[in-house]
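Asker: What follows is a single structure, and I will ask about it in a moment.
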Amino acid sequence: MLSKKIEEALNKQLNFEIESAHIYLAMSGYFGDLGLDGFKNFFDVQYEEELAHAKKFMNFIIEKGGRVNITGFESPKNDYESIMEVFKISLEHEREVTARIYDLVDLTKEEREHSTESFLQWFVDEQVEEEATFEDIINKLKLLDGVGTYLLDRELAERTLEEIAE
Ligand SMILES: [Fe+2]
Ligand SMILES: [Fe+2]
């Protein structure tokens, strides 16, 4: 049995995982539009992963004799200024998810709902990975940005006054 409070909190997170999936699907669409198939693939996988998280919550609620409640969803952001912006928003989003999971764990401790607390431990660990994945890509993008600037700098250094005269 789940208390109403825990059931509602689990349903809220279940819906937030689906919302996360939509956010990443929109990002996949953005990269598809840019023709960056690798980035698109990354977010397609991320989308599937968030749906799998949602399913985990759904199955747990059912197993505990609770009632699943699917709601409407916020529209995700579909347009971005840059590749970096996409990853920065993703990292911020994952930090928000982590904060919500922690709040949920706090609630289970208050209510002495040990089985839900144990169930949530998987998500506590998963969030470490999720944040690290996006932090890692942001760091790589920063490094690549440096290389790009370096290459462009070399190219621009080749320019001579003759070219203008021609
Ligand atoms: Fe998730
Ligand atoms: Fe996630």
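The values are calculated or read from the model by the stated rules, or taken from the named source; none is laboratory data. Please read all numbers here as calculations on a predicted model, not as lab measurements. All Cβ positions, even for glycine, are placed from backbone atoms using ideal geometry, and neighbour counts span all protein chains on display. Side chains included, ligands, DNA and RNA excluded: accessible areas come from the protein's heavy atoms. Shrake-Rupley method; radii C 1.70, N 1.55, O 1.52, S 1.80 Å.
Asker: Which of 105, 139, 24 sits farthest toward the positive end of the charge dipole of the chain, with +1 on the Cβ of Lys and Arg and -1 on the Cβ of Asp and Glu?
Answerer: Looking along the dipole axis, the top candidate is 105.
Asker: Shifting gears a bit: Quick one: if you stick a label point 7 Å off each Cα along the C-beta vector at residue 106 and residue 22, how many nm between them?
Answerer: 2.6 nm
Asker: Set Lys and Arg Cβ to +1 and Asp and Glu Cβ to -1, take the dipole of segment 1-98 about its Cα centre, and tell me which of 52, 78, 36 lies farthest positive.
Answerer: Most positive-ward Cα: 52.
Asker: Quick one: dipole size for the chain, taken about the Cα centre, charges +1 on Lys/Arg Cβ and -1 on Asp/Glu Cβ, in debye to the nearest 20.
Answerer: 880 debye
Asker: Where in segment 60-101 does the amide nitrogen come within less than 11 Å of the point 7 Å from the Cα of residue 36, taken along Cα to Cβ?
Answerer: Hits in segment 60-101 for residue 36 at 11 Å: 80-88.
Asker: Right, something else. Over segment 41-166, what relative contact order in percent results from Cα pairs under 8 Å that are six or more residues apart?
Answerer: 22 percent
Asker: Using only helices, what value at 222 nm comes out for the chain when you add -39,500 (n - 2.57) per DSSP H run of length 4 or more and divide by the total residues, to the nearest 500 deg cm²/dmol?
Answerer: -29000 deg cm²/dmol
Asker: Same structure, new question: Among the listed pairs 56/140; 4/88; 12/140; 5/40; 4/40; 12/109, which are separated by more than 29 Å between their Cα atoms? Write out the running numbers ahead of the final one.
Answerer: Values: 56/140 31 Å; 4/88 35 Å; 12/140 34 Å; 5/40 38 Å; 4/40 39 Å; 12/109 18 Å.
Long pairs (Cα-Cα over 29 Å): 56/140; 4/88; 12/140; 5/40; 4/40.
Asker: Using the heavy atoms of the protein chains and a 1.4 angstrom probe, tell me the accessible area per residue for the chain in square angstrom.
Answerer: Normalised by residue count, the accessible surface of the chain is 62 Å².
Asker: Using Cα atoms only, what is the angle between the long axis of helix 4-34 and the major principal axis of the chain, expressed in degrees (0 to 90) to the nearest 10?
Answerer: Its long axis makes an angle of about 20 degrees.
Asker: Heavy atoms only, probe 1.4 Å: what % of the accessible area of the chain goes to carbon and sulfur, would you let me know?
Answerer: 53 percent
Asker: Could you state the angle between the C-alpha long axis of helix 114-157 and the longest principal axis of the C-alpha atoms of the chain, as a value from 0 to 90 degrees rounded to the nearest 10?
Answerer: Here the helix axis deviates by roughly 0 degrees.
Asker: Could you tell me the largest-minus-smallest coordinate of the C-alpha atoms of the chain on each of the three principal axes, in descending order and whole angstroms?
Answerer: Over the chain, Cα extents along the principal axes are 82, 26, 20 Å.
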